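Right, one structure below, let's go through it.
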Amino acid sequence: MQRVAVTGLGLITPLGRGVTANWSAVEAGRTGLREHSERTAPPWMRFVGRVENVALPSEIPESIRGQARFLNRGALLGLCATHDAVCQAAIPASVAPARRALYLATGDYTQLGYEFLWPATRVAAGVEADSIDHEALNRAAIERVNPFFLLESLHNNPFSFLTAAFDFMGPGTTLASQSPSGSTAVELACRTVRAGRADVAVAIGCGSWVNEVPLFELAELGVLSRARRGVCSYRPFDCRRDGFLAGEGGAAIVLESEEHARSRGAKILANVEGVGSCIEPSPRLRVSRRVTLRSMELALADAGRPASELGFVCTHGSGSRKGDRSELASLQALLGGGGPTAPVCALKPYTGHMGAASDVAELVLGIMAASDGVVPATPNFVRSQPSFASVRIAASQQPCARPLFLTVSYGMGGQASAVVLSVRAGSGADA
């Protein structure tokens, strides 16, 4: 099978636009979480990670620029990240569109609230709003509702736009299972390149969880922090953890066979050594005791590397009581406690939980960290539970002993996915 190289990275998060801007913020310990809503809103709604000044890349062909108005918020963020990754990879025109693969992971809920229907509903409901005039609603909907609203809510709409914008007409699909679909998209892209079905493949994760309806739903599921300490409330693995704060963003990674990358003189930033995914269904969306262990074992077996060779592990780190406990138990089983083990970090407190975008974003930031020879700090972590004391959680930035790391993600329902990457020291990403 072909050895898989990473030749392009793209990232846009509440920390900023571009890989370099994001990595500089993480190194400095800055968070993109801010207080956005009025103080009358619940704390978990006020403190979120929003991306500022999002704009359509100027290089998008004029022939399809008009279609960009049908992209929802998360899709636009994914487009920006893809543009940056593809530009860095500098894919030559000689790569035929049919040899370019694209895998998109999304869990965007921008249109879930259906606010666009409010003007028509207001007309039909009248002043009292105790009944609906259905005939008036039909007329008002025709006059006051964007007829293309459905396109904004379709998960595969950005896939269609991206294939046209970048001529990626080979194998591909859209994944809409939120976390860990970003890591799964990377796995599919990797396997496509390995099998020789494409010369180049891009994996994209994008999503926006910061509007009111998804925030209320996440709060009802019990996974959001009560935000009693503002932006410092998101504290993965800490004994005081109580959930996450939400964010939005887009991340992309370009993969190609190492042979193809070398033949065209591309700069190789890293290599995907192993991938693995699994599912352990649990009743009523309960968290399995070791939901991530199997996926990490599969990824390491695929890489042919033991856990003892890892420089660090970039975790999912949802900050929930049960989720973190399950992940810590998995890490303890994987890494062992009989001697020095790889340190563990959690990066979501820098950006907020961005759904599928977080998976790919953490992979990108992991590449930057390993390239610089450091393990990023886990924000707001102070003290773990005594039963997990053997897991070395990086409360502050520390040296990375080996340029090999594992990133893992899990989601409700028992799905988990992991990726192992080796990084060229000092390879960096000028993006």
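The set of residues in segment 84-129 that are modelled with pLDDT of 80 or more and in a helix (DSSP H, G or I) comprises D84, A85, V86, C87, Q88, A89, P97, A98, R99. Return yes or no: is A5 among the aliphatic types (A, V, I, L, M) and surrounded by 14 or more Cβ atoms within 10 Å (Cβ to Cβ)? Yes, satisfied.
Please work out which residue is surrounded by the most Cβ atoms within 10 Å (Cβ to Cβ), limiting yourself to segment 237-251 and to residues that are closer than 16 Å to V48 by Cα and within 17 Å of the chain's Cα centre (by Cα).
G250
Taken over segment 64-108, the criterion of being in contact with an Asp or Glu (Cβ under 8 Å, 6 or more places away or on another chain) and more than 29 Å from G196 (Cα to Cα) is satisfied by F70, L71, N72, R73, G74, L77. From the list A198, A251, the one residue that fits, being under 18 Å from L347 (Cα atoms) and aliphatic (A, V, I, L, M), is A251. Comparison of G78, G74, G49, G66 shows that the only residue that is assigned by TED's automatic domain parsing to the domain that holds G247, at negative phi and without any contact (Cβ under 8 Å) to a residue 40 or more places away in the chain is G66. The one condition from (1) buried (at least 20 other Cβ atoms within 10 Å of the Cβ); (2) touching a Leu at 6+ places or on another chain (Cβ under 6 Å) that M412 does not meet is (1).
For segment 23-41, the set of residues classified as at pLDDT 90 or above and not aromatic (F, W, Y) consists of S24, A25, V26, E27, A28, G29, R30, T31, G32, L33, R34, E35, listed by residue number. Does T40 satisfy the criteria of being in a helix (DSSP H, G or I) and β-branched (V, I, T)? Criteria not met by T40. If you check C206, C190 for being more than 16 Å from N271 (Cα to Cα) and not aliphatic (A, V, I, L, M), only one passes: C206.
Looking at this structure, is P399 more than 21 Å from V4 (Cβ to Cβ), crowded, with 20+ Cβ neighbours inside 10 Å, assigned by TED's automatic domain parsing to the domain that holds I204 and of a type outside the set (D, E, K, R)?
Working: more than 21 Å from V4 (Cβ to Cβ): yes; crowded, with 20+ Cβ neighbours inside 10 Å: no; assigned by TED's automatic domain parsing to the domain that holds I204: yes; of a type outside the set (D, E, K, R): yes.
Here the answer is no, as P399 does not meet what is asked.
Of the residues making up segment 278-326, those that are free of Cβ contacts under 8 Å to residues at least 40 places away in the same chain and farther than 26 Å from P349 by Cβ are P283, R284, E297, A301, G304, P306, S308.
Only one of the numbered conditions (1) touching a strand residue (DSSP E or B) at 6+ places or on another chain (Cβ under 8 Å); (2) surrounded by fewer than 23 Cβ atoms within 10 Å (Cβ to Cβ); (3) within 27 Å of R289 (Cα to Cα); (4) at pLDDT 95 or above is not met by G373, and that is (3).
So how many residues does segment 403-420 have that are in a loop (DSSP other than H, G, I, E, B), at pLDDT below 95 and on the phi < 0 side of the Ramachandran plot? Talk me through it step by step, then tell me what you get.
Initially, segment 403-420 is screened for residues in a loop (DSSP other than H, G, I, E, B), giving 403, 412-414.
Remaining after also requiring at pLDDT below 95: 412-414.
With the extra rule that they be on the phi < 0 side of the Ramachandran plot, the set shrinks to 412.
Final tally of qualifying residues: 1.
Here's the yes/no breakdown for (1) over 29 Å from the mean Cα position of the chain (by Cα); (2) outside any helix (DSSP H, G or I); (3) within 19 Å of F70 (Cβ to Cβ); (4) modelled with pLDDT of 80 or more:
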site	(1), (2), (3), (4)
S131	yes, yes, no, no
R139	yes, no, no, yes
I142	yes, no, yes, yes
N146	yes, yes, yes, no
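Look through G196, G222, G207 and report the one residue that is crowded, with 20+ Cβ neighbours inside 10 Å and either farther than 17 Å from G49 by Cβ or of a type in the set (G, A, S) (or both). Every option except G207 fails the conditions. From the list G355, G323, the one residue that fits, being crowded, with 19+ Cβ neighbours inside 10 Å, in contact with a Phe, Trp or Tyr (Cβ under 6 Å, 6 or more places away or on another chain) and at pLDDT below 95, is G355. Apart from one condition, A165 fits all of (1) within 16 Å of L77 (Cβ to Cβ); (2) out of contact with any Pro (no Cβ under 8 Å at 6 or more places or on another chain); the exception is (2). Taking segment 148-180 as the range and being assigned to a helix (DSSP H, G or I) and over 23 Å from A5 (Cβ atoms) as the test, the residues that pass are F149, L150, L151, E152, S153, N157, P158, F159, S160, F161, A164, A165.
The values are calculated or read from the model by the stated rules, or taken from the named source; none is laboratory data. These numbers come from a predicted model, not from an experiment. Every residue, glycine as well, gets a Cβ built from its backbone with ideal geometry; the counts of neighbours run over all protein chains shown.
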